[in-house]
Amino acid sequence: MPRRIPANTSGKEAGSKILVKKVKVGLRKTYDIAMPKHHNFLLANGLVTHNSHAVSYALVSYWCCYLKAHHPVEFAAATLDAEDDPTKQILLLRELANEGVSYIPVDKDLSTGKWQPLERDGKKLLLGPLSNIAGIGPKGVEEIITCRSPGVPPLSKSLLEKLESGKTLIDSLTPISDRLRELHPNGLEAANIITRPTPIIKAQNYMPGEVMIIGVLRKLNVRDENEATNVERRGGRVIQGPDTTSLLMTMVDDTDQLFCKIYHGKFSKINAQQIIERGRPGKAIYAIKGNMARFDFRMMWVNSFRYLGDMKEETYGLETGGAYAQSRQQAAE
């Protein structure tokens, strides 16, 4: 007998439908209905009712796979055009570098308004758009391209200075390592950091014992463990004692990112308050020691940390939450 599937979202078995026959009716217009909450496209015997939706995704996926396999540089250019976040662009460019495709962040004489394939020495590579340069927007791009034609007035002084600088947020695929070398030219040993850091992409796979990572603080969220929602999540258990604050962080290095938590029992012991006071998500660089959690969720329980300096740019975005975000908002007001 076919498995019965609830017709509502409450978990109660309120009825079901069984497909008993199919009839060919030719081409017909079909519509997908947007439901206000949950929806279920399955019939009782497991068949999907909105096959056209699934087929559309399958076709797009097939086209993407074909283009990436047969026109990898062109496909990469289109993908990068659709992604504005420099951090995500670096991830894409790093993947391409592993596949043997290099790139030029920008060329003041050749770049246009989009990423484009370029051939040099018999090899195809990627050339970034003029908008990669900080401070140059669509109007600036249009003005620069127009000024390449003969008889056109020269660029304004400010735009010319930006173009000549050619500085972008994707000049390097290892911006954090590069910045660390600038901050600590004599090596981390000179800063009394003896433990060799583990790349986050490697630490994500469970490693026994204490692990040290070095990365930029990307997200910061202060949590009171005795807030009503957190108490309810623990089944009503209230944490006793003066320390009920924990700190949730996302750290990112030149390989990947990792969720880290300073447990409320260690918050005061390791003086985690200074992370909150320093702030600067997207800029602050820390060395963090901790133990990887023994379950599928990739997380580090933090034992200690050390501030190593700041990135020059907020490359990794200001992403904050909880009390930290509220305090910053109040300060701004």
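The values are calculated or read from the model by the stated rules, or taken from the named source; none is laboratory data. Just so it is clear, the model here is predicted, and its values are computed rather than measured. All Cβ positions, even for glycine, are placed from backbone atoms using ideal geometry, and neighbour counts span all protein chains on display.
Of all residues in the stretch 114-136, those that are of a type outside the set (D, E, K, R) and farther than 14 Å from T168 by Cβ total 5. A count restricted to the stretch 157-166 and to residues that are surrounded by 14 or more Cβ atoms within 10 Å (Cβ to Cβ) and without any contact (Cβ under 8 Å) to a residue 60 or more places away in the chain stands at 4. Scanning the stretch 136-154 for residues that are surrounded by 15 or more Cβ atoms within 10 Å (Cβ to Cβ) and part of a helix (DSSP H, G or I) returns G140, V141, E143, I144, C147.
Just one of the listed residues (L126, L163) is touching a strand residue (DSSP E or B) at 6+ places or on another chain (Cβ under 7 Å) and modelled with pLDDT of 95 or more, and it is L126.
Only one residue in G279, G265 is closer than 30 Å to L93 by Cβ and either assigned by TED's automatic domain parsing to the domain that holds N205 or not aromatic (F, W, Y) (or both). Which one? Within the list G279, G265, the selection yields G279. In the set (1) part of a loop (DSSP other than H, G, I, E, B); (2) in contact (Cβ under 8 Å) with a residue 40 or more places away in the chain, the condition left unmet by I239 is number (2).
Candidates in the stretch 63-85 are the residues that are part of a helix (DSSP H, G or I) and of a type in the set (D, E, K, R); of these, the one that is farthest from L169 (Cα to Cα) is K68.
Residues in the stretch 97-135 that are crowded, with 20+ Cβ neighbours inside 10 Å, part of a helix (DSSP H, G or I) and of a type outside the set (S, T, N, Q): L130 alone. Does I214 satisfy the criteria of being outside the structural domain of L92 (by TED's automatic domain parsing), within 15 Å of S304 (Cα to Cα) and of a type in the set (V, I, T)? So I214 fits the description; yes. Filter the stretch 238-254 for residues that are out of contact with any Asp or Glu (no Cβ under 8 Å at 6 or more places or on another chain) and modelled with pLDDT of 90 or more and give the result. If the condition is that a residue be out of contact with any Asp or Glu (no Cβ under 8 Å at 6 or more places or on another chain) and modelled with pLDDT of 90 or more, then L247, L248, M249, M251, V252, D253, D254 are the ones that fit.
Here I170 fits the description: within 27 Å of N132 (Cβ to Cβ), out of contact with any His (no Cβ under 7 Å at 6 or more places or on another chain), hydrophobic (A, V, I, L, M, F, W, C) and modelled with pLDDT under 95. The set of residues in the stretch 172-195 that are among the acidic types (D, E) and either outside the structural domain of I288 (by TED's automatic domain parsing) or surrounded by 13 or more Cβ atoms within 10 Å (Cβ to Cβ) (or both) contains only D178. For S149, are the conditions met, namely being under 16 Å from D109 (Cα atoms) and among the polar types (S, T, N, Q)? For S149, the condition - under 16 Å from D109 (Cα atoms) and among the polar types (S, T, N, Q) - is met.
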